[in-house]
Amino acid sequence: MRQTTREVDASMLQPPNLAKLERKIRSSVGRAISDFNMIEAGDRVMVCLSGGADSYSLLDMLLALQKAAPIEFELIAVNLDQKQPGFPTQVLPEYLASLGIEFRIIEEDTYSVVKRLIPEGKTTCSLCSRLRRGVLYNAAAELGVSKIALGHHADDIVETLLLNMFYNSRLKTMPAKLKSDDKRNVVIRPLAYVRETLLKQFAALREYPIIPCNLCGSQPNTRRQMVKAMLRDWDESQPGRVDNILKSLSAVTPSHLLDRNLFDFKSLNLARD
């Protein structure tokens with residue numbers, strides 16, 4: 001019997017199945033790790049946990065893959081307590097202790113530094129990220145880790161691409177794997193192929209103890225927030241567009257761009273006898 005329109009609509013409104021959603025995300029994470037050789041045998045991976053849906057999901061996926069992987073690697077969860085007012089300091093230690101995994105809470109008052117240096121109403125993201133990155137890089141060296149896993153997802157990568165194009169005139173985004181500027185750390189982004197909507201659905205079903213950001217997360221009119229809104233509009237009006245942009249980053253044709261450092265246009269001539 002054919003479904004009526006009402007029945008079809010009702011089925012589309014059913015909540016996603018947790019097991020099915022987990023398999024889908026885990027498959028994408030495993031593919032990204034394989035494509036970019038993110039984790040190798042003997043690695044000690046520092047999973048940066050902010051208290052947001054993305055980092056909780058990242059930790060969950062890596063713990064699951066650790067059990068199923070044909071190689072052995074270690075995980076240590078690390079949270080940076082930036083001393084934001086009202087930050088619930090007990091949430092992450094209690095959650096991580098309940099998992100029975102190795103973890104470290106680092107206390108560093110970067111919040112006061114940001115508030116002192118950035119005028120009220122100005123974007124705090126750049127300085128906050130730079131300070132946080134420095135603290136985490138130092139922690140990685142102290143903890144003897146070989147990889148730093150961050151919770152950036154596919155939407156973050158596409159947003160960064162568009163922000164660089166719109167405002168910096170550069171074709172550049174967050175790489176799935178890179179060596180840090182100080183050459184001491186390798187940073188990986190296992191969620192590179194995972195859309196933000198899937199992570200939010202997964203986090204809601206897993207009922208993570210989400211901790212909202214009271215610093216950069218409270219700024220609604222940043223350029224990134226505007227680009228994020230544009231991606232949401234595209235998902236509604238042009239489904240698949242954001243996914244196609246992400247895929248295009250893995251299918252680059254240098255000879256069809258304008259970067260003379262990537263392709264030798266000057267020497268391009270017809271062969272003559």
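The table below lists the values:
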item	result
Filtered residues of the stretch 52-73 (kept if surrounded by fewer than 20 Cβ atoms within 10 Å (Cβ to Cβ), within 19 Å of residue 192 (Cα to Cα) and touching a strand residue (DSSP E or B) at 6+ places or on another chain (Cβ under 9 Å))	63, 66
Every residue from the stretch 173-194 that is assigned to a loop (DSSP other than H, G, I, E, B) and either free of Cβ contacts under 8 Å to residues at least 12 places away in the same chain or in contact with a strand residue (DSSP E or B) (Cβ under 8 Å, 6 or more places away or on another chain) (or both)	176, 180, 181, 183, 185, 189, 190
Criterion violated by residue 187 - all others in (1) under 21 Å from residue 240 (Cβ atoms); (2) surrounded by 20 or more Cβ atoms within 10 Å (Cβ to Cβ) satisfied	(1)
Selection from the stretch 171-210 of residues that are of a type in the set (S, T, N, Q) and closer than 30 Å to residue 86 by Cα	197, 201
Members of the stretch 195-207 found to be within 19 Å of the chain's Cα centre (by Cα) and in a loop (DSSP other than H, G, I, E, B), listed by number	195
Cβ-Cβ under 6 Å pairs, at least 6 apart or on other chains, the stretch 20-33 side within 13 Å of residue 176 (Cβ to Cβ), far side in a helix (DSSP H, G or I) and modelled with pLDDT of 95 or more	29/61
Index of the failed condition, residue 234 passing every other in (1) without any contact (Cβ under 8 Å) to a residue 12 or more places away in the chain; (2) among the aromatic types (Phe, Trp, Tyr); (3) within 26 Å of residue 139 (Cβ to Cβ)	(3)
Residue among 221, 214, 185 that is closer than 19 Å to residue 133 by Cβ and modelled with pLDDT under 95	185
Sole residue being more than 30 Å from residue 87 (Cα to Cα), in contact (Cβ under 8 Å) with a residue 12 or more places away in the chain and not in a loop (DSSP other than H, G, I, E, B), chosen from 243, 156	243
Index of the failed condition, residue 210 passing every other in (1) free of Cβ contacts under 8 Å to residues at least 24 places away in the same chain; (2) in a loop (DSSP other than H, G, I, E, B); (3) of a type in the set (A, V, I, L, M); (4) within 25 Å of residue 111 (Cα to Cα)	(1)
Meets criteria (under 22 Å from residue 180 (Cβ atoms), among the β-branched types (Val, Ile, Thr) and buried (at least 17 other Cβ atoms within 10 Å of the Cβ)) for residue 148	yes
Extreme residue, surrounded by the fewest Cβ atoms within 10 Å (Cβ to Cβ), among residues of the stretch 74-112 that are in contact (Cβ under 8 Å) with a residue 40 or more places away in the chain and among the polar types (S, T, N, Q)	84
From the options 143, 136, 127, 131, residue that is over 20 Å from the mean Cα position of the chain (by Cα), surrounded by 12 or more Cβ atoms within 10 Å (Cβ to Cβ), under 23 Å from residue 181 (Cα atoms) and not small (Gly, Ala, Ser)	143
Positions within the stretch 172-191 being of a type in the set (Gly, Ala, Ser) and more than 11 Å from the chain's Cα centre (by Cα), in sequence order	180
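The values are calculated or read from the model by the stated rules, or taken from the named source; none is laboratory data. As the structure is a prediction and not an experimental result, all values here were calculated from the model. Counting neighbours? That spans all protein chains shown, and the Cβs are built from the backbone with ideal geometry, glycine included.
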